[in-house]
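Participant: Encoded as structure tokens, here's the structure I'll be asking about.
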Amino acid sequence: MNRKYYWKQLQNYCTQLFEKAGLQKNDAQIVAESLILADLRGVDSHGVVRTDIYLRRLKAGMINLDSEMEIKENGPVALLDGNNRLGAIVGTKALDLAIERTKSSGISAVGVKHSNHFGTCAYFLQKAIQQDLIMIITSNASQTMPPIGGVRPFIGTNPFSVGVPTGKHPPFILDMATSVVSRGKIIVAAQKGEEIPDTWAVDKYGNPTTDATEALEGSVLPMGGAKGYGLSMFIDIISGVLTGAGFGKYVNNMYENWEETQNVGHFFIGIDIKKFMPIEEFKKRIDQYFDEIKAEPKASGVKEIYIPGEIEQKHVEERKQYGIELPIKVKEELRKWGEIYHLNINDYLLNPEEVFE
């Protein structure tokens, strides 16, 4: 039986695990916070399910604990060498650079190389939105998607994301993989022993499959056919080719390659709204825009028209109140890491009055 946990206790426990693994406290908090935010938003594929692989790569010495990140600066443009730190830590540094340059120049572009899987783009978008900035973030990933007409994986499910601040409405947060679904959702389905729709992926022979395990041995499919394929390629170009990071087959799979670092690339583009109009005027206009969209006639059976990010915000409110559900396999992974680092998961999660059945 799956069980629900309060998010604060779960985040605290994961922070302690990462500290025990050798991260500085602030870095451990960043990584744990990024994972918990994904779970709160309902993006379980990028939540604490990733704790195990992060800790395994740290323990194996595949990720640097505290190496210095190097910055090459040129006005509003910067290139960050993450020096193989954990992706959430590298991404946070890149975001700080992008925010600083956006505020000083009105616009910024920050490229990143030598990073690792950095979770959801939404984690960074929310921080930029709090500074009243528009932020665009992309990242490449290891090979999981075939080119149109191909059979085997060549490009990643490279995410594209945009965050826009609002007034009375939840912020606009578009955070999407360029595949039909992220590979992480298939991983979660495999862990739960659930079937997947036959439109999500193909097996290693190129045949549609509903078996999540077969899908993981094959390829996920691009969204919108050639459109998703082209967008994923573009993201690989700006996040990988342009930054000096890996691209295509040179972005290494964190689950399979235990000889080489991932060398993931990211790209951050910031826009300062105040360079165009007062922020109050912008928020009034964006609220009007959302009001008018949500007032549009609804199709049969539709109760509400949602803005990108609005459903995820509802998940946050619900899960903060009622808890985060973890698959038994993930809970067991967390428990085993606790044993390794002399932490008792029950001390953090299972106070009798705080357990959801």
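Participant: Give the calculated FRET efficiency between Ala299 and Lys8 to the nearest 0.05, with a Förster radius of 25 Å applied to their Cβ-Cβ distance.
Facilitator: 0.05
Participant: Where in segment 207-268 are there chymotrypsin sites (Phe, Trp or Tyr not before Pro) that are in a DSSP coil and have at most 15 other Cβ atoms within 10 angstrom of their Cβ?
Facilitator: Numbers: sites: Tyr229, Phe234, Phe247, Tyr250, Tyr255, Trp258, Phe267, Phe268; in loops: Phe247, Tyr255, Trp258.
For chymotrypsin sites (Phe, Trp or Tyr not before Pro) across segment 207-268 that sit outside H, G, I, E and B with at most 15 neighbouring Cβ atoms in 10 Å, the list reads Tyr255, Trp258.
Participant: I've got another one for you. Between beta-carbons, use under 13 Å as the cut-off and find the net charge around Ile63, counting Lys and Arg +1, Asp and Glu -1. Before the final figure, lay out each step's value.
Facilitator: Details: positive: Arg50, Arg56, Arg57, Lys59, Arg85; negative: Asp27, Asp66, Glu260.
Around Ile63, the charge tally is +2.
Participant: Does segment 24-74 classify as rounded, prolate or oblate by the C-alpha gyration tensor (a ≥ b ≥ c root eigenvalues; a/c under 1.5 gives rounded; else a/b over b/c gives prolate, otherwise oblate)? List each step's numbers first, then the result.
Facilitator: Numbers: a/c = 2.24, a/b = 1.43, b/c = 1.57.
The shape class here is oblate.
Participant: One quarter of the convex hull surface, Cα atoms only: what value does that give for segment 221-347 in nm²?
Facilitator: Working: hull surface 59.8 nm².
Result: a mean projected hull area of 14.9 nm².
Participant: Report the one residue of Pro76, Asn140, Gly246 whose Cα lies farthest in the direction of the positive end of the charge dipole of the chain (charges on C-beta: Lys and Arg +1, Asp and Glu -1; origin at the Cα centre).
Facilitator: Positive-most Cα among the choices belongs to Pro76.
Participant: Please give me the summed charge of the neighbours of Met277: other residues whose Cβ is under 15 Å from its Cβ, Lys and Arg +1, Asp and Glu -1. It would help to have the intermediate numbers written out before the result.
Facilitator: Working: positive: Lys274, Lys275, Lys283, Lys284, Arg285; negative: Asp132, Asp272, Glu280, Glu281, Asp287.
Neighbour charge sum, excluding Met277 itself: 0.
Participant: Which one of Met277, Met62, Met233 has the biggest mean-square fluctuation once the chain is modelled by GNM with Cα springs under 10 Å?
Facilitator: Met277
Participant: With θ taken as phi - 60° and the coefficients 6.51, -1.76 and 1.60, list the Karplus ³J(HN,Hα) couplings across segment 144-158 in order, rounded to whole Hz; mark glycine and proline as x.
Facilitator: Whole-Hz 3J(HN,Hα) from phi for segment 144-158: 9, 10, x, x, 4, x, x, 10, 9, x, 10, 10, x, 7, 3.
Participant: Counting only protein heavy atoms and a 1.4 Å probe, tell me what percentage of segment 142-191's accessible area is made up of carbon and sulfur.
Facilitator: Numbers: 1130 of 1860 Å².
Solvent-exposed carbon and sulfur of segment 142-191 make up 61 percent of the total.
Participant: With viscosity set to 0.890 mPa s at 25 °C, what whole-number translational diffusion coefficient in µm²/s follows for the chain from Stokes-Einstein and a Kirkwood radius over Cα pairs?
Facilitator: Values: Rh = 21.1 Å.
Using the Kirkwood radius from Cα pairs, D works out to 116 µm²/s.
Participant: Could you tell me which GluC sites (Glu not before Pro) in segment 16-89 are loop residues by DSSP with no more than 15 other beta carbons within 10 angstrom of their beta carbon? Walk me through the numbers on the way to the answer.
Facilitator: Numbers: sites: Glu19, Glu33, Glu68, Glu70, Glu73; in loops: Glu68.
Sites meeting the loop and neighbour criteria: Glu68.
Participant: Only loop residues by DSSP count here, and only those with at most 15 other Cβ atoms within 10 Å; note down the trypsin sites (Lys or Arg not before Pro) in segment 276-323 that meet that.
Facilitator: Numbers: sites: Lys283, Lys284, Arg285, Lys294, Lys298, Lys303, Lys314, Arg319, Lys320; in loops: Lys298, Lys303.
Here the trypsin sites (Lys or Arg not before Pro) that fit, given the DSSP loop and packing criteria, are Lys298, Lys303.
Participant: If you don't mind, there's one more thing I want to ask. If amide hydrogens are placed 1.01 Å from N in the peptide plane, which non-local residues have theirs closer than 5 Å to the one on Ile134?
Facilitator: Result for Ile134 returns Ile271, Ile273.
The values are calculated or read from the model by the stated rules, or taken from the named source; none is laboratory data. Just so you know, these numbers come straight off a predicted model, no measurement behind them. Don't worry about glycine lacking a Cβ; one is built from the backbone with ideal geometry, like all the others, and counts go over all protein chains shown. Protein only, heavy atoms only, side chains kept; ligands, DNA and RNA dropped before computing areas. Shrake-Rupley method; radii C 1.70, N 1.55, O 1.52, S 1.80 Å.
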